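First comes the structure, then the notes that go with it.
The values are calculated or read from the model by the stated rules, or taken from the named source; none is laboratory data. If you're wondering where the values come from, they're calculated on a predicted model, not measured in any experiment. No Cβ is skipped: glycine too gets one built from the backbone with ideal geometry, and neighbour counts run over all protein chains shown.
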Amino acid sequence: MPELPEVEAVARTLRRRVAGQRVVRCRVLHSIAVRPQSPATLRRGVEGQRIEGVERRGKYLLLRLARGCVALHFRLDGQLVWFDSPARSTGGRPRRPARHIDVAFELTGGTLGFVDRRHFGRVQWLARAEDSPGIRNLGIDPLSPGFTPERVQTLLGKARRALKLLLMDQTRIAGLGNIYASEALWRARLDPRRRAARLSPQEARRLHKAIVYVLRRALECCLHPAPDFRNPEWWFSGVEKALRVYDREGRPCRRCRGRIRRIEQGGRSTYFCPCCQK
DNA sequence: CCTGCTACCTGATGGC
DNA sequence: TGCCATCAGGTAGCAG
């Protein structure tokens, strides 16, 4: 599931590939991917437009156009694929991965496809990024200069929620998902069940440092190897190298040899070490 | 404003 | 072997 590091790596790599190209044509093959918009809205918004830039907002990927932008959200399983030549729908054997494509952007120099078999992900055209409530309401980006220990302290300040749930709230901190929230709390040696407002200033500083460390390290992993839009496996290769607790239920903690536990918070799995996370 | 719950969707998994 | 029920997970929308 792409979280901030994956989307950031994709943005940097895709930027070099598509910036300056024009969207010759847009095909919506599975209209569920553009809901609640209509395929026509997306097509009219993008066709003929030049892609001026690619950026990330939280877990959203934005294609900045001459007029407006396209916002893509991968949710759980969304991916991007790339074809150098215009995809051919007839003749010839299908290319190796005969994956279904939900939305295809035919550019001047190739085709960019949005793929999501589970159909949770979304692609929208927006006159301005802020027209999307999800984007407008995003909290601070943890890799931005404004993300300081003091800022973390303020965010924690009034929240009665469990720490893990706060970290995953996109309107507070933009970009942490289920995996890196667990990873950051492990790194900070903090129990995910703690009430956010109860952290000491010292613990808040530890949390800040852990979040930044975990995301930066994961981003490095996601950039080496760099995103390969022909290889669906890439989307998982970065995460695997970076994981210290996630999905390790019952196995020994890499720090204290305690037994990693899995609990449920807000209907999601949380992994932590009860022995060294207090 | 804050918090918590559910629907959305489908591949993978496990039980019988 | 095959079928069916269950589960995972990010976000929007709704309820309290």
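Among the residues of the stretch A:143-165, is there at least one that is β-branched (Val, Ile, Thr) and within 21 Å of A:Tyr60 (Cα to Cα)? No; the residues of the stretch A:143-165 include none that is β-branched (Val, Ile, Thr) and within 21 Å of A:Tyr60 (Cα to Cα).
You will find that of A:Leu42, A:Leu65, the residue that is touching a Phe, Trp or Tyr at 6+ places or on another chain (Cβ under 6 Å) and of a type outside the set (S, T, N, Q) is A:Leu42 and no other. Looking at A:Glu55, A:Glu47, A:Glu3, just one residue is of a type outside the set (S, T, N, Q) and within 18 Å of A:Gly113 (Cβ to Cβ), and that residue is A:Glu47. Scanning the stretch A:115-165 for residues that are modelled with pLDDT of 95 or more, among the aromatic types (Phe, Trp, Tyr) and more than 30 Å from A:Ser200 (Cβ to Cβ) returns a single hit, A:Trp125.
Applying the condition of being of a type outside the set (Asp, Glu) and free of Cβ contacts under 8 Å to residues at least 60 places away in the same chain to the stretch A:140-151 and asking which residue is nearest to DNA strand C (Cβ to nearest atom) yields A:Ile140. Applying the criterion of being surrounded by 19 or more Cβ atoms within 10 Å (Cβ to Cβ) and either among the β-branched types (Val, Ile, Thr) or more than 30 Å from A:Trp235 (Cα to Cα) (or both) to the residues of the stretch A:162-193, the residue that is farthest from DNA strand C (Cβ to nearest atom) is A:Ile173.
Scanning the stretch A:133-192 for residues that are near DNA strand B (Cβ under 10 Å from one of its atoms) and among the hydroxyl-bearing types (Ser, Thr, Tyr) yields one hit, A:Thr171. Looking across the stretch A:20-39, the residues that are over 28 Å from A:Gly177 (Cα atoms) and in a loop (DSSP other than H, G, I, E, B) come down to A:Gly20, A:Gln21, A:Leu29, A:Ser38.
Going through the stretch A:40-62 one residue at a time, which ones are hydrophobic (A, V, I, L, M, F, W, C), part of a helix (DSSP H, G or I) and within 20 Å of A:Gly134 (Cβ to Cβ)?
Residues satisfying the conditions are A:Leu42, A:Val46.
Selection of the stretch A:132-164 for residues being within 19 Å of A:Pro5 (Cα to Cα) and more than 15 Å from the chain's Cα centre (by Cα) yields A:Ser144, A:Pro145, A:Gly146, A:Phe147, A:Thr148, A:Lys164.
Conditions tested, residue by residue: (1) modelled with pLDDT of 95 or more; (2) surrounded by fewer than 17 Cβ atoms within 10 Å (Cβ to Cβ).
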| site | (1), (2) |
| --- | --- |
| A:Val24 | yes, yes |
| A:Arg56 | yes, no |
| A:Tyr60 | yes, no |
| A:Arg75 | no, yes |
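The helices (runs of 4 or more DSSP H) found wholly in the stretch A:162-278 include none carrying at least 2 residues that are in contact with a Phe, Trp or Tyr (Cβ under 7 Å, 6 or more places away or on another chain), basic (Lys, Arg) and outside the structural domain of A:Arg12 (by TED's automatic domain parsing). Checking the stated criteria, A:Gly238 turns out to be in contact (Cβ under 8 Å) with a residue 60 or more places away in the chain and either under 17 Å from A:Ala9 (Cβ atoms) or surrounded by 15 or more Cβ atoms within 10 Å (Cβ to Cβ) (or both).
Report yes if A:Val245 is surrounded by 14 or more Cβ atoms within 10 Å (Cβ to Cβ), within 15 Å of the chain's Cα centre (by Cα) and hydrophobic (A, V, I, L, M, F, W, C), otherwise no. No, not satisfied. Residues in the stretch A:248-267 that are under 22 Å from the mean Cα position of the chain (by Cα) and loosely packed, with under 13 Cβ neighbours inside 10 Å: A:Glu264, A:Gly266, A:Gly267. For A:Asp131, the conditions (1) under 30 Å from A:Ser38 (Cβ atoms); (2) within 12 Å of DNA strand C (Cβ to nearest atom); (3) touching an Asp or Glu at 6+ places or on another chain (Cβ under 8 Å) are fulfilled apart from (3). Residue count for the stretch A:101-132 under the criterion of being farther than 12 Å from A:Tyr60 by Cβ and outside any loop (DSSP other than H, G, I, E, B): the result is 13.
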